[in-house]
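The values are calculated or read from the model by the stated rules, or taken from the named source; none is laboratory data. Since this is a predicted model, take the numbers as computed values, not measurements. Virtual Cβ from ideal backbone geometry, glycine too; neighbours counted across all protein chains shown.
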Amino acid sequence: MSAAGRDFDLILRDAVCVTPAGRVEASIGVRAGKIAAIGDPASWRAAETLALRGLHVLPGLIDTQVHFREPGLEHKEDLAAGTAGAAAGGIVAVFEMPNTKPSTLTAGDLAEKLERAKGRAWTDHAFYVGAAAENADALGTLERLPGTPGVKIFMGSSTGSLLVADDATLMRVLAHGSRRVAVHAEDEMRLEARKPIAAAAGHARAHPEWRDVETALTATRRLLAAARATRRRVHVLHVTTEEEMAFLAGHKDIASVEVLPQHLILSAPGCYERLGSLAQMNPPIRDERHRAALWRAVNDFTVDVMGSDHAPHTREEKAKPYPASPSGLPGVQTMVPLMLDCVSRGLLPLERVVDLLAHGPQRVFGIVGKGRLAVGYDADFTVVDLGARREIRNAWIHSRCGYTPFDGMTVTGWPVMTIIRGRTVMREDELIGPPAGEPLRFFETL
Ligand code: DOR
């Protein structure tokens, strides 16, 4: 290598790097926003060097499910605050959901979101296109537009008006297009029939009874039947039940599986007694039997990806009497600290966190140049201090909602730097601007 070949813009020196081969003590050289070398730094020079002894360098972690509410619901969240929270929490890129106002249904809606993100998004980003009866036939074209990870289906109603309730529309949606489709699997007909349970209870503790195991399992079974019939790959979002995990393990050829930290860390009935509607989300947080089953599915690798399903609502909205209280928990900023804490408690290895939040998203969605410490990939890094003991506090939260259900929890492990395409965007809880997030690219639509 020539001397010039060893000149970098940035060197991350002497960290433990979580590479595709596992933990390696190495330095990383960055040039023009890309990883240019991983190895021995003796002769390396750079304009800037970060001395990282004692810290771990992970590939930039990616949150493949967030609701940033813009346009139309900016009183709950917006792209600036949502991505600020992401960067503060060690996330370098997000997939944003289409249940905004209006819903993201057309090329124009998608273009507007990409435009709004310019100069305001702190992280890289992609925006889902929502599936509906009205755009079903156009989805094959829409899913190929730049800046989208593809199509999202709501089989059960949640926040907003997006809904594909019946099998005929579901089949029509899946028949148009070829990319993997992300799906919220709850059975709308059963939800409708059981609504009186929620109304009669008047407390969020009834949420997992209204939206019961059968509601989730029925929808997931219907989805897989439709996916087989249309030869389509699906990504089953936020799986919450032991029964679905057992079922999905038999369909790994066409189904990928997501879990959320909320469902791994909180459980009923305690979460509802302590947090009330602040623990109300769809699909719901369930009892210990399911929580244990989700952990087994994480550790036997049935699960491909973890997302936060960051879905903020204001405190005032959440204070409405159940079931008028909206469903959804903020989480983009707390996911990495919570998972590092799980690592410190021996619940999963650090390498598995990297798999769920970087290698998994990259593999499942075919993200170009992200999610992997490898020469030629984007210089995206989440630098973590595995020994840091910190309290998660509402005051730290960037989300417009201003709170986290994990306020007051002490964790071991904290993201200390977020680096995106070679630029340090967060260091020691400080955001370093200006925001310069860019759209993600995908192999299937290059
Ligand atoms: O609890 C939820 N909230 N689940 C969803 O599927 C949507 C989300 C939201 O947008 O509020």
Q) Across region 56-78, what is the total count of residues that are assigned to a loop (DSSP other than H, G, I, E, B), in contact with a helix residue (DSSP H, G or I) (Cβ under 9 Å, 6 or more places away or on another chain), within 23 Å of residue 153 (Cα to Cα) and not acidic (Asp, Glu)? A) 5
Q.
Between 98, 59, which is within 17 Å of the chain's Cα centre (by Cα) and over 25 Å from residue 339 (Cα atoms)?
A. 98
Q: All but one of (1) within 16 Å of the ligand (Cβ to nearest atom); (2) without any contact (Cβ under 8 Å) to a residue 12 or more places away in the chain; (3) among the acidic types (Asp, Glu) hold for residue 192, so report the exception by its number.
A: (1)
Q: Sort out which residues of region 114-134 are surrounded by fewer than 24 Cβ atoms within 10 Å (Cβ to Cβ) and within 16 Å of the ligand (Cβ to nearest atom), and write them in order of number.
A: 132
Q | Positions within region 126-150 being in a strand (DSSP E or B) and either farther than 29 Å from residue 91 by Cβ or not β-branched (Val, Ile, Thr) (or both), in sequence order | A | 126, 127, 130
Q: For residue 269, work out the one condition from (1) closer than 27 Å to residue 315 by Cα; (2) away from the ligand (no atom under 16 Å from the Cβ); (3) within 19 Å of the chain's Cα centre (by Cα) it doesn't fulfil.
A: (3)
Q. For region 209-220, does any single residue satisfy the condition of being crowded, with 23+ Cβ neighbours inside 10 Å, within 30 Å of residue 346 (Cα to Cα) and within 16 Å of the ligand (Cβ to nearest atom)?
A. yes
(Q) With the requirement that a residue be within 13 Å of the ligand (Cβ to nearest atom) and either modelled with pLDDT under 95 or polar (S, T, N, Q) (or both), what does region 254-266 give you? (A) 262
Q) residue 354 passes all but one of (1) surrounded by fewer than 21 Cβ atoms within 10 Å (Cβ to Cβ); (2) away from the ligand (no atom under 16 Å from the Cβ); which number fails? A) (1)
(Q) Checking the conditions here, which among 83, 49, 19, 64 is modelled with pLDDT of 95 or more, in contact with a strand residue (DSSP E or B) (Cβ under 6 Å, 6 or more places away or on another chain), hydroxyl-bearing (Ser, Thr, Tyr) and within 23 Å of residue 366 (Cα to Cα)? (A) 64
Q. Just checking, which of 160, 119 is at pLDDT 95 or above and assigned to a loop (DSSP other than H, G, I, E, B)?
A. 119
(Q) Condition first: away from the ligand (no atom under 14 Å from the Cβ), touching a residue at least 40 places away in the same chain (Cβ under 8 Å), of a type outside the set (D, E, K, R) and closer than 14 Å to residue 222 by Cα. Now tell me which residues in region 158-186 satisfy that. (A) 170, 171, 173, 174
Q: Among the residues of region 1-37, write down those that are of a type in the set (Val, Ile, Thr) and over 21 Å from residue 385 (Cβ atoms).
A: 35
Q) Within the bounds of region 32-53, is there any residue that is crowded, with 21+ Cβ neighbours inside 10 Å, without any contact (Cβ under 8 Å) to a residue 24 or more places away in the chain and not β-branched (Val, Ile, Thr)? A) no
Q) Out of region 343-355, which residues are under 17 Å from the mean Cα position of the chain (by Cα) and either of a type outside the set (Lys, Arg) or more than 20 Å from residue 93 (Cβ to Cβ) (or both)? A) 353, 354, 355
